[in-house]
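The values are calculated or read from the model by the stated rules, or taken from the named source; none is laboratory data. All of these numbers come straight from a predicted model, not from anything done at the bench. When we count neighbours, we look across all protein chains shown, and the Cβ atoms used for this are built from the backbone with ideal geometry, even at glycine. Protein only, heavy atoms only, side chains kept; ligands, DNA and RNA dropped before computing areas. Shrake-Rupley method; radii C 1.70, N 1.55, O 1.52, S 1.80 Å.
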Amino acid sequence: MDEQLFKLSKEFKFQVEQKQPDSIACKKLLTKLKIAMAEEGILFPGTDFPLDPKNIVFTRDVLELAVIMSVKLEDMDLFERQVSQVKPYYFDYGTEIKKSENELLILGMNLLYLLSLNRIGEFHTELELIEFESRSNPFIKFNLQVEELLLDGNYLGIQTICENPPSDLYSVFVSRLKLSIQELILDCTNKSYKSLDLKTAKDLFMMESIEEVKEMAKTNNWRIVDNKLFFENLDEDEEKIPTNKVIREIIGYAKELEKII
Amino acid sequence: MSVVLSTASGIIALLDEPDNDLKTYALRKLDSLVDQFWAEISDSIGKIEALYEDEEFPSRTLAAIVASKVYYHLGFLDDSLLFALGAGQLFDVSQRDEFTRTLISKSFNDYIEKRNVITEEEHLLKLKKQEEEKNKKQSIFNDEEEEEEDSELENMLIDSDEDSEQDEGLYETKNEKIMLEKTEIEEIDPRLEKIINSVFRRCFLEKEFKEALGIAIEARRIDIIKEIIEMVENPDEMLTYCLTISRKYIQSRWYRQEVLTMLLEVYETRPELDYINICDILLFLNDVERLSEILNDLILEKTKESHLIACQIGFDLYENASQHFLHELTLLLPDPIPVNKPVEKDGIVAEYSPMEQKRLEYIKKMDQLKSILSGRTTINLHLQFLNRNNKTDLQNLIRLKEKTDSRHSLLTSMIVMAHGLLNCGTTSDVFLRDNLGWLANISNWSKFCSTASLGLIHKGHLDKGFDVLEPYLPQGSGGSSPYSEGGSLYALGLINTNHGEEVTPFLLEALKNCQRNNIIQHGACLGIGLSSMAVGDMQIYEELRGVLYNDDAVAGEAAGIAMGLLMLGTGNGKAIQEMWNYAHQTEHEKIIRGVSVGISLIMYGKEQEAEGLIEQLSSDKDSILRYGAMFTIAMAYAGTSNEKALKKLLHVAVSDVNDDVRRAAVIAIGFLLFKEPKQVPKTLSLLAKSYNNSVRFGAAMALGITCAGTANKDALELLEPLTKDLNNIVRQGALIATGMVLMQFNEKQEPKVSKIKDQFYEIVSDKYEHKMTKMGAILGAGLIDAGGRNVTISMQTTTGENDMAAIVGLAIFSQYWFWHPLTYFISLAFQPTALIGLNKDLNMPKFVVKSNAKPSVFAYPSPLVEVKKVEKKVETAVLSVTKKEQRRQEEKAEKKKLEKDNSEMDSEEVDEKKKEENKKIIEEEESTENEKEKEKEKEKEEEKEKEEEKEPKEEILENPTRITLDQRKYITFDVDPRYKPVKESAKFGIVMLLDTKPDETEELVEISLDTTEKKEEEKEPEPPEPFEYFSD
């Protein structure tokens, strides 16, 4: 393999392992690396000739680093792309090389990412791809727990469990998850209450302070009167079920059917 | 280590990379994986498309080919092709994988479709420009004239005022369309053209010329067609191939003309001019002038062959060209100045100078050619052939006759009709003469029919026809019944079908002098229609119109049909307008029907031009006019297999509310598809199983007319259940159709022949069978052996052109449902299956051809000898009784005599003696008969054995001979030592022969047209056997 490639990968690794990686430099390096790998023919090599395990390990490591980089930079699009690029190295190319230590970490992050976006279907497809034994692994187990709680609607449980994520890298996703849960709750309260106490609201919305609640009220155009929160944008034009029309139509159909028979 | 990828998502993710190199890399990967992961890739097809559309992206073609493949897998071939075109070089035409092949065929389809649309548009534009130019010229010259012409044109418009307005509207929108397209004519994608061209090149490299030619013709690429013909090693073969397929398969008229013009050019550059094909093309292009020049040149040329070729062309022309065309051609041929007879000088017999001799020869040849073109020669030859080779099996008819109740006028007239069909063109009317007494009972319209049947028997007997009919023709002084007079006029028309210059005036006279007797009018109208078919003479037209306007149902119907026949294929707008108007005025259904059939005849062969009229008629609320619309489709698109028309017919066949219309629609399908008889059973198989009687009948009829004389297995399979249908009319139709399909087949070729003949007999003899079915059986029996077993029914000429008279004849024949005398029109479709060889003097020399098949395969169906025998046995049984009775009577008489003569003799003694002697005689007779029969049977068996043992594999046939449709491919001309045919492809019909030994004397086939009298002599009852006279 080219020395240039090694050099590049080392530099890339160095950059990524910084606490606050430089976004532009990292991305540039990554593109360079990928082009170099593509030229070398080790980026998604064809399946018709024997592959060198070394090359595969190398490419996989680079791509894993890229995933970690994307998490650190909090670039979700990049994250999604990088995960799908590295996945073949776990499932297809990876069948005959030593498993990567980071594999479950990355897959776990992907799961959490899907959960945070409420993409439950994809979450389960991904989960199926992971070996059953690995489910006890903390990276994966965490996601399983979160999913279960989410299903139960036990948002408080999620709150507590999220206080101890299995890896620091998870925090990005955890906070995203929280945000989406908040949205869910907001959606419900909006419809179930006419007004709420600010304090109760704070608890209900799992917010840190009342200030936060106030800010939220501002963005949503809710009024706050006497420490009370009023939800005024109750949609009146909420679509009612057009009972009469439906009944009439169904009876009509039944009559027609009878005529035909 | 090998790996199987389970997903392409990683690679797809690469497409989102900002860097172009990476995207290209990903695309390349995807291109190799697309066959496996197209489903996955299709999710992100948008990205790939975006890449293709991004003009800055370097590998756009790569994106295009990936997208194309994905769309191909998804089954969106249109999109796939679009992207493949964008892929440029990457779409490699020479690849043999499925993707490429599918797309190439798809691109051909698209290309052909677009080319067709574009060329049609261009053609329309061209026409429009021409018109504009004409108008300009006219307006420059004379404004008034233009106006006049316009008003004339308006008069000529087919449709009534309202509809012409509509039509104008249509034209306008069309023009607008053209204008629009003028600015933005949908050009063919040059990339598509490139691909097509590269495929053509590949075909050339691989020598698949015929395939390339076919595609080129379909795609309307005349340049390519020309290129191919010039490129091939054997251009003659390719030319002929091109000629046949372009004539058969090109539906658009003007395009066909263009191709043929191009072919003509090529033909003319060939070193050896193929006059026969050139003239064929000229005929199609309607180029009378050049045709006449060529014919004249051929005759002027010194070689013998050229003269023979001219004659051969003449015969072909007569067969294929319309009367009008032939007439013009004859006028254009030079009329040589006759040579003055050399003047005798000083008692010395002067001889012609060599110049004059040459001229004389030229005149002789020209006269010959003209008589060929007039058709007289052909008709005469066919008549001779039919007469000479007449193999009618009268026995069959006689036994049918015996089983029919003579009190039933319908069935007796059917027997006469069947006889007419059996002896069509053979001039043999023995049966009628033998049964004069029986015929005398026939009255009314049956009399009309039986008189008309004489016309059938003497069909084509141009010289003597008049004499034969003399006793029946109207004499002016009342004379015989109007029925026989009318029938004889009809018969005169049948005899002179398509050649009525001589009889038409007589018929017109008869029409005028009949004092409005509708029966005579009826016969005269039909006669005029037949004799002046497609002449388009306006005077005759007005005469017929007069009859129509009398509003008499019987005469009006015939007048309507006759007007159609007269104006056949002219598309005359005035005539259609008038007939259409009258159809709306009159209340007689018969007249409406006659008129609507007439209208359909006028639109014969007009194809798209008839579309407006068809639309108008088929939306009429009068079902009879809709019925006419169906026949108009049949006539306008006859033999074209036009898809649009076919769809319309199928639609009407299952949706119209009126049974007649539905039936007509199904029959019309037959007219459209007759050039591909194998297709018809498939198309009709469902209709033949319809719940509707009329549709089933129509299906049977359509099968009959398309598959006539082919013994098509599928057709017979469909017809067989119909002959046992629950409905008697359907049975009738199926029996007639089966008769038509099995024409000219013998038991050896098709075992069903004997079965169906037995079925005919059984039906006729079954007491409880409905008379309609019986009628079908009798007609079927007449058709199966029609024309002395020497004719077949065919709507195309021997060279594959539409035979106008035949098509029209069958169309009117199918009206027999309403009016039985129209059955005779089927004779127009009878085509003698003859091979007649002629020498340079148009005589038949002794000449032989070889048929490379066992003689028994194509032998005439064996005459009904066996049945005859059975009958004989029965007869003998009956005879012995009757004989005894006769004897007794004789005895009584004799007794009386004896008593008178020898009153002294003892009567008892005589009686005993007599009885003994009689017994002896009877016994002897019986025993000898039995012996004879046994001997005969033995002989037969021996013959059979012989046949089985020593049947030769080939047969030598003598001029003129019958050659059935199936037999044609077995014919070779290699046996005759002396004569060779001029046109090698001709294996039937009239063939001019080249004499290779012109110095030897020629042996000619004896021609004996007046055999009628001879036969009569032969048939005269034998003198009674010698008997002993007991005087004592």
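Output the number of the condition that B:Cys514 fails; it satisfies all remaining conditions of (1) surrounded by fewer than 21 Cβ atoms within 10 Å (Cβ to Cβ); (2) part of a loop (DSSP other than H, G, I, E, B); (3) not acidic (Asp, Glu).
Among (1) surrounded by fewer than 21 Cβ atoms within 10 Å (Cβ to Cβ); (2) part of a loop (DSSP other than H, G, I, E, B); (3) not acidic (Asp, Glu), B:Cys514 violates only (1).
Going by the conditions given, is B:Gly536 on the phi > 0 side of the Ramachandran plot and open to solvent by 10 Å² or more (accessible area, probe 1.4 Å)?
Numbers: on the phi > 0 side of the Ramachandran plot: yes; open to solvent by 10 Å² or more (accessible area, probe 1.4 Å): yes.
Yes.
Among the numbered conditions (1) outside any loop (DSSP other than H, G, I, E, B); (2) open to solvent by 50 Å² or more (accessible area, probe 1.4 Å), tell me where B:Leu30 comes up short.
Every condition holds for B:Leu30 apart from (2).
Taking the residues in region B:4-14 that are open to solvent by 10 Å² or more (accessible area, probe 1.4 Å) and within 7 Å of chain A (Cβ to nearest Cβ) as candidates, determine which candidate is modelled with the highest pLDDT.
The selected residue is B:Ser9.
If I ask for residues that are in contact with a helix residue (DSSP H, G or I) (Cβ under 6 Å, 6 or more places away or on another chain) and open to solvent by 30 Å² or more (accessible area, probe 1.4 Å), which ones from region B:227-255 would you list?
B:Trp254
With respect to B:Ala50, is the statement that it is of a type outside the set (Lys, Arg), open to solvent by 40 Å² or more (accessible area, probe 1.4 Å) and touching a His at 6+ places or on another chain (Cβ under 9 Å) true?
No: the conditions fail for B:Ala50.
Would you be able to say whether some residue in region A:29-51 is away from chain B (no Cβ under 12 Å) and surrounded by fewer than 18 Cβ atoms within 10 Å (Cβ to Cβ)?
no
Residue by residue through region B:238-264, note down the ones that are among the hydrophobic types (A, V, I, L, M, F, W, C) and not in a helix (DSSP H, G or I).
Result: B:Ile250, single match.
Before we move on, is B:Glu17 more than 10 Å from chain A (Cβ to nearest Cβ) and among the acidic types (Asp, Glu)?
Considered against the rule, which asks whether it is more than 10 Å from chain A (Cβ to nearest Cβ) and among the acidic types (Asp, Glu), B:Glu17 comes out as no.
Residues in region A:94-109 that are touching a Ser or Thr at 6+ places or on another chain (Cβ under 9 Å) and of a type outside the set (Asp, Glu): how many?
Residues in region A:94-109 being touching a Ser or Thr at 6+ places or on another chain (Cβ under 9 Å) and of a type outside the set (Asp, Glu): 7 in total.
Quick check on region B:73-92. Is at least one of its residues more than 14 Å from chain A (Cβ to nearest Cβ), at pLDDT 85 or above, part of a helix (DSSP H, G or I) and more than 22 Å from B:Ile104 (Cα to Cα)?
No: region B:73-92 contains no residue that is more than 14 Å from chain A (Cβ to nearest Cβ), at pLDDT 85 or above, part of a helix (DSSP H, G or I) and more than 22 Å from B:Ile104 (Cα to Cα).
May I ask you to say which residue of A:Glu96, A:Glu101 is surrounded by fewer than 22 Cβ atoms within 10 Å (Cβ to Cβ), within 11 Å of another protein chain (Cβ to nearest Cβ) and modelled with pLDDT under 85?
After applying the criteria, what remains is A:Glu96.
Being assigned to a helix (DSSP H, G or I) and acidic (Asp, Glu) is true for just one of B:Glu750, B:Glu762. Which residue is that?
On the way: B:Glu750 fails: assigned to a helix (DSSP H, G or I).
Exactly one residue qualifies, and that residue is B:Glu762.
Looking at region A:62-92 only, could you name the residues that are among the β-branched types (Val, Ile, Thr) and at the interface with chain B (Cβ under 9 Å from one of its Cβ atoms)?
Hits for region A:62-92 are A:Val83, A:Val86.
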